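The values are calculated or read from the model by the stated rules, or taken from the named source; none is laboratory data. Predicted, not measured: the structure shown is a model, and the values here were computed from it. Neighbour counts run over all protein chains shown; Cβ positions are idealised from the backbone, glycine included. Side chains are part of the model used for accessible areas, which takes the heavy atoms of the whole protein and leaves out ligands, DNA and RNA. Shrake-Rupley method; radii C 1.70, N 1.55, O 1.52, S 1.80 Å.
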Amino acid sequence: VEIIPLPEHQVSFRIDGNEKLRWHFGTQYTRPFFYPFNGPSGASLTRIGHPGAANHDHHRSVWFAHHDVAGEDYWSENGGTQIRQKNWYAYADGDREAIMASRLGWFDPTGEEAMEMDLIAALMPRPGNEHALELQMTLRPRKSAKSVALGKTNFGLLAVRVAKTL
C-alpha cells in the first residue's frame, strides 16, 4: 500500500499499484477533498457536483465543511471562506496501510483563522480486493481563542457525494 505525493498539490493512495484514492489540496479550490475514491472494480464510488443542480459545485466527492463556524459559511462556495492545508505531519506506507496526516486551517473571509483541523487518513486493503478508508479529525479553535462556535446545521462536518450508479 503506497502513498505517493504528486504535482499540483495532490497525493495518490495506491494498493498494488492501482490508485484507490486521491487527495486534492491546491489553493484553487475552496477546500481540500478526496477524488476519486475508487471501488474494487476501479470505478469511482463518488462524484464531483450534482448533475442538474448548478449550485452544487461545492460537492466534491469526499470533503470537510460546515455551514456555521463562528457565524461563517464553510459549506457553500459563496461566503469567501476557505479551508487550506497548512502543513504535513507525515506520510507512511507499508503492507497493511497507507497514511497521511496533515493540518488544515479554516479561514474566514478576512483571512483570519477560525479553527484548525488535524486530519489523519488511512487506506487499508481488505480481503476480496476490497479496501477501507479511515478518517480521523481533531478540531480546535485558533490559538488565540478558547472556543469556536459550531452552529446547528444539516451541513457538515464530513460530506460524501456518492456516484449515481450507487
Probe 1.4 Å, heavy atoms of protein chains only: per residue, the accessible area of the chain in Å² is 53
Between (i) 23; (ii) 42; (iii) 31, which entry matches percent of Cα pairs over 28 Å apart as derived from the coordinates of this structure?
(i)
Roughly to the nearest percent, how much of the accessible area of the chain is carbon and sulfur, given a 1.4 Å probe?
49
Taking amide H positions as placed 1.01 Å from N in the peptide plane, with prolines and chain starts having none, which residues 5 or more places from residue 114, or on another chain, fall under 5 Å of its amide H?
106, 107, 108
What are the ³J(HN,Hα) values, in whole Hz, obtained from phi via the Karplus relation 6.51 cos²θ - 1.76 cosθ + 1.60 with θ = phi - 60°, for each residue of the range 99-108 in sequence order, with x given for Gly and Pro?
10, 10, 10, 8, 10, 10, x, 9, 10, 6
Once both label points are put 7 Å beyond Cα along the C-beta direction, the residue 134-residue 2 separation in nm becomes 2.3
Using the structure shown, select from 20/164; 86/152; 86/143 the pairs with a Cα to Cα distance greater than 23 angstrom.
86/152
